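Trainee: Before we start, here is the structure in question, set down as structure tokens.
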2 protein chains.
Amino acid sequence: MGDLNLAIRKNRTANVTVTISYQGLPVAHQEIIIKQKNHKFLFGSSWSESTLSLVNGELSGKDKELAELLNERFLFLFNQVTLPFYWARFEPQCGQPQTQRILNAAHWYVDHGCVVKGHPLCWHTLTPEWLLSMNNQEILQAQFDRIQRDVSDFAGLIDQWDVVNEAVIMPIFDRYDNGITRLCRDLGRIKLIRTMFDTARSINPKATLLLNDFDVSPAYDILIEGCLAAGVQIDVIGIQTHMHQGYWGTERTQRVLERFERFNLPIHLTENSIVSGHLMPPEIIDLNDYQVSEWPSTADGEQRQAQEVVLHYKTLLAHPFVQAITWWDLSDGRWLNAPAGLLRKDHSRKPAYDELSKLIKGEWWLSPTRMKTDASGKSVFNGFLGEYELLLEHQKFTFSVQEKGETSISIIL
Amino acid sequence: MGDLNLAIRKNRTANVTVTISYQGLPVAHQEIIIKQKNHKFLFGSSWSESTLSLVNGELSGKDKELAELLNERFLFLFNQVTLPFYWARFEPQCGQPQTQRILNAAHWYVDHGCVVKGHPLCWHTLTPEWLLSMNNQEILQAQFDRIQRDVSDFAGLIDQWDVVNEAVIMPIFDRYDNGITRLCRDLGRIKLIRTMFDTARSINPKATLLLNDFDVSPAYDILIEGCLAAGVQIDVIGIQTHMHQGYWGTERTQRVLERFERFNLPIHLTENSIVSGHLMPPEIIDLNDYQVSEWPSTADGEQRQAQEVVLHYKTLLAHPFVQAITWWDLSDGRWLNAPAGLLRKDHSRKPAYDELSKLIKGEWWLSPTRMKTDASGKSVFNGFLGEYELLLEHQKFTFSVQEKGETSISIIL
């Protein structure tokens, strides 16, 4: 753990020298307060259904209070959210997308300081039924149209997309017929990925485009190598971890990360789950096969989960290529009905939430700190990369620390 | 089985109309004999050590007789051989390759009508120790030199090469340090494959170049897709089957073949083993870990093996993309000391050898057949693609049947 903490400080912090001057002269021996406003690192979570309802004015009474509590706990910890664009749900009737409802949510998250990611643009799961009556050329056109419409509608609010999800399994997925598996069988993985990335980028050239997969076998890194060798521009490698069958541990996590280091690309851990109840049996291959009506969170499980969450976040922060971690989901009882939340179903805090708070808003965070400039107007502090605010009497200045190591900030009154 | 037999006849045979004429007139009502001389399909096996010794004049007495028996049984069944170019054995001392010994063997096989394949040019196993003292640039140069030397020395005799072997596992292989894993980690799989293929092709542009792997997971087909998308010219997809842990069966074999169909490339089943003794335990991952001093062939096992070998060959012949099957090894007690031979250690025939003979030189073969031309000088027969000989009184003509379906051959006396 000591090694991880050292690596985190090395990779995630800067020694910041703030110099304050007034009319060319140092502001010496001046009391100031510096406090952190945001992390550069993206600490994210998946959307909450109740948040979608709340921001669309669909809630009242107890439900509204609960949703507000959840939002408060979301915003305390996170600065990134993943919003759902599952095609079957986003556009259940061809030509009738629920754009406005998700736009309202995107606005709300952006207004509250969050980076918003759209997930996913092309995936073989949760595809609309109405694709099935089309031929492959029509499916491809519908997929193009969908990407063009949604990337365009959300540009500026959503500039980060999981473009293709789970391409490794996409063409061999055989649980049920669907339009995208058909398409991927036809085009092959690389051509499909190239096509979808090119389409998304043409609409929003500023967007950060991810390839995302749960497969962390050599198949995935070979696929990335193939895409890059073929000239497909992938901005970020997305890796899911969904550890319902048990936490990977530091060593396995590091081995997985090592596999992708050679591409010299940022890595986002896009979907992370650790349960605070019993583990899903190891013989389950497709996690979706595990259907339970009850999957309780237990006191012991919550203790274990808290330790594992801390180790997981530290392991990931310690790796210089990792830029984002998205927790899946914030509260219990969402995907797979799993106790994978940092909050229980009633949104009460589990130990994992509190331990993560101690890191994200504690050990890795600069709370308001009183300092004094020296004779040359300088103050020095060590802090995590992100946004900062400096208070000098009644004046407020903001600055950004983006690069690790030694950084100088100059403030002119 | 009926379906397989039908598919085999459909994909592997032609209806041949032979027309014989003399000075522009049909040779009518003429008795002729037609017989098959060779298969177009490549029925191969790995080399035998005793053959290498024999053709290099190293054997005498009983050993020589045994080697001759083995050769006779090899040549009765097979028209292709894989010769060993394992770098550590081929060039144990840097700069002292055993070229002449293998050249003598290549000559012998070619003189006896066999297509010869070299195996492999680049592999992380059986690499010479002397690579370990080099840096990666020097290893790459040594690998270039090796390919250039060997492909050049054997051109005309060996025009078929397993260029890169087992690239899927190559960079993550961690059982022991070796020069090629280092190189592959450095270059990545696709760049390594491209480099080795380009080098081999530049020396022998006529050569058929294979990528070969035992990994039949999506990782391998994604690797091939990546290579092709990056413009690497792979002539043939090589698939190993080594079924020491049990015969795959028709369905799994067909599923594996289906995975590679979309590339529209010929497929060679490069290394096939089915044991006639107990099966290797399923928990073994790397087959090389199973080290036994005795692994007997049993009567029951030989019956089972014979049935499985027949089904395996029929399944493969039935698939139109498959162009070659190489048995590994002809006699028991070679790789892994396994009873995977079609012959026992004393080179006596197992049922599998006899059953395979009944196919390759029986059901799939035109033995000398007496026919009579009709009034227009024509004879019609259905035969497997390959080389044929026609006898007309004391004259002998040869012809080749290369395309399935309807074919016409014209013989002018």
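Trainee: Give A:GLY333, A:GLY377 a once-over and let me know the one that is of a type in the set (Gly, Ala, Ser) and at pLDDT below 95. Don't jump to the end; show me each part of the working.
Mentor: On the way: A:GLY377 fails: at pLDDT below 95.
Only one candidate passes the filter, namely A:GLY333.
Trainee: A:ASP286 versus (1) modelled with pLDDT of 95 or more; (2) more than 14 Å from chain B (Cβ to nearest Cβ): which is the lone unmet condition?
Mentor: (1)
Trainee: What strands (runs of 3 or more DSSP E), lying completely within the range B:355-403, carry at least 3 residues that are more than 22 Å from B:HIS29 (Cβ to Cβ)?
Mentor: Numbers: elements: B:369-372, B:378-384, B:386-392, B:395-401.
Here the list reads B:395-401.
Trainee: Which members of the range A:166-218 meet the condition of being among the β-branched types (Val, Ile, Thr) and either over 19 Å from A:PRO266 (Cα atoms) or within 19 Å of the chain's Cα centre (by Cα) (or both)?
Mentor: A:VAL168, A:ILE169, A:ILE172, A:ILE180, A:THR181, A:ILE190, A:THR195, A:THR199, A:ILE203, A:THR208, A:VAL216
Trainee: On to the next question. Can you name the residue in the range A:188-201 that is within 14 Å of chain B (Cβ to nearest Cβ) and buried (at least 18 other Cβ atoms within 10 Å of the Cβ) and, of all such residues, is farthest from B:ARG255 (Cα to Cα)?
Mentor: Among them, the one singled out is A:PHE197.
Trainee: While we're here: Out of all the residues in the range B:62-100, which are of a type in the set (A, V, I, L, M) and surrounded by 15 or more Cβ atoms within 10 Å (Cβ to Cβ)? So that I can check it myself, show each step before the final result.
Mentor: To start, the set of residues in the range B:62-100 that are of a type in the set (A, V, I, L, M) comprises B:66-67, B:69-70, B:75, B:77, B:81, B:83, B:88.
B:LEU66, B:ALA67, B:LEU69, B:LEU70, B:LEU77, B:VAL81, B:LEU83, B:ALA88, listed by residue number.
Trainee: Is there a residue in the range A:122-143 that is crowded, with 22+ Cβ neighbours inside 10 Å, in contact with a Pro (Cβ under 8 Å, 6 or more places away or on another chain) and either away from chain B (no Cβ under 14 Å) or within 29 Å of A:LEU287 (Cβ to Cβ) (or both)?
Mentor: No: the range A:122-143 contains no residue that is crowded, with 22+ Cβ neighbours inside 10 Å, in contact with a Pro (Cβ under 8 Å, 6 or more places away or on another chain) and either away from chain B (no Cβ under 14 Å) or within 29 Å of A:LEU287 (Cβ to Cβ) (or both).
Trainee: Next up: Pairs under 7 Å by beta carbon, first residue more than 8 Å from chain A (Cβ to nearest Cβ) in the range B:203-223, partner of a type in the set (D, E, K, R) and assigned to a strand (DSSP E or B), six or more apart or different chains?
Mentor: Matching pairs, first to second residue: B:ASN204/B:ASP159; B:LYS206/B:ASP159; B:ALA207/B:ASP159; B:THR208/B:ASP159; B:LEU210/B:ASP162; B:ASN212/B:ASP162; B:TYR220/B:ASP213.
Trainee: Moving to a separate point now. Being farther than 30 Å from A:ASP186 by Cβ, away from chain A (no Cβ under 14 Å) and surrounded by fewer than 24 Cβ atoms within 10 Å (Cβ to Cβ), is that true of even one residue in the range B:226-238? Quick ask: steps written out before the conclusion?
Mentor: Step one: filter the range B:226-238 for residues farther than 30 Å from A:ASP186 by Cβ, giving none.
So far as the range B:226-238 goes, no, none of its residues is farther than 30 Å from A:ASP186 by Cβ, away from chain A (no Cβ under 14 Å) and surrounded by fewer than 24 Cβ atoms within 10 Å (Cβ to Cβ).
Trainee: Here is a follow-up. Being among the β-branched types (Val, Ile, Thr) and within 16 Å of A:THR82 (Cα to Cα) is true for just one of A:VAL168, A:VAL164. Which residue is that? Give the steps one after another, and end with the answer.
Mentor: Working: A:VAL168 fails: within 16 Å of A:THR82 (Cα to Cα).
After ruling out the rest, the residue left standing is A:VAL164.
Trainee: Please work out which residue is farthest from A:GLU225 (Cα to Cα), limiting yourself to the range A:144-178 and to residues that are without any contact (Cβ under 8 Å) to a residue 40 or more places away in the chain and within 14 Å of another protein chain (Cβ to nearest Cβ). Walk me through it before giving the result.
Mentor: Step one: list which residues in the range A:144-178 are without any contact (Cβ under 8 Å) to a residue 40 or more places away in the chain, which gives A:145, A:156, A:171-172, A:174, A:176.
Next, only the ones that are within 14 Å of another protein chain (Cβ to nearest Cβ) stay: A:171-172, A:174.
Numbers: A:PRO171: 18, A:ILE172: 20, A:ASP174: 25 Å.
Restricting to residues being without any contact (Cβ under 8 Å) to a residue 40 or more places away in the chain and within 14 Å of another protein chain (Cβ to nearest Cβ), the top hit is A:ASP174.
Trainee: So how many residues does the range A:16-42 have that are buried (at least 16 other Cβ atoms within 10 Å of the Cβ), of a type in the set (Val, Ile, Thr) and under 36 Å from the mean Cα position of the chain (by Cα)?
Mentor: Of the residues in the range A:16-42, 6 are buried (at least 16 other Cβ atoms within 10 Å of the Cβ), of a type in the set (Val, Ile, Thr) and under 36 Å from the mean Cα position of the chain (by Cα).
Trainee: Filter the range B:100-119 for residues that are outside any helix (DSSP H, G or I), of a type in the set (A, V, I, L, M, F, W, C) and over 19 Å from B:ALA200 (Cβ atoms) and give the result. Walk me through it before giving the result.
Mentor: Pass one, the range B:100-119, residues outside any helix (DSSP H, G or I): B:112-119.
Then drop every residue that is not of a type in the set (A, V, I, L, M, F, W, C), which leaves B:114-116.
Within the range B:100-119, just B:CYS114 meets the criteria.
Trainee: Let me ask something else about it. Output the residue which, of all residues in the range A:377-406 that are closer than 14 Å to A:THR17 by Cβ and of a type in the set (Phe, Trp, Tyr), is surrounded by the most Cβ atoms within 10 Å (Cβ to Cβ).
Mentor: The selected residue is A:TYR388.
Trainee: Still on this model: Looking only at the range A:296-306, how many residues end up being assigned to a helix (DSSP H, G or I) and in contact (Cβ under 8 Å) with a residue 24 or more places away in the chain?
Mentor: So the count comes out to 6.
The values are calculated or read from the model by the stated rules, or taken from the named source; none is laboratory data. The model shown is predicted, which means the values in this text are computed figures rather than measured ones. Every residue, glycine as well, gets a Cβ built from its backbone with ideal geometry; the counts of neighbours run over all protein chains shown.
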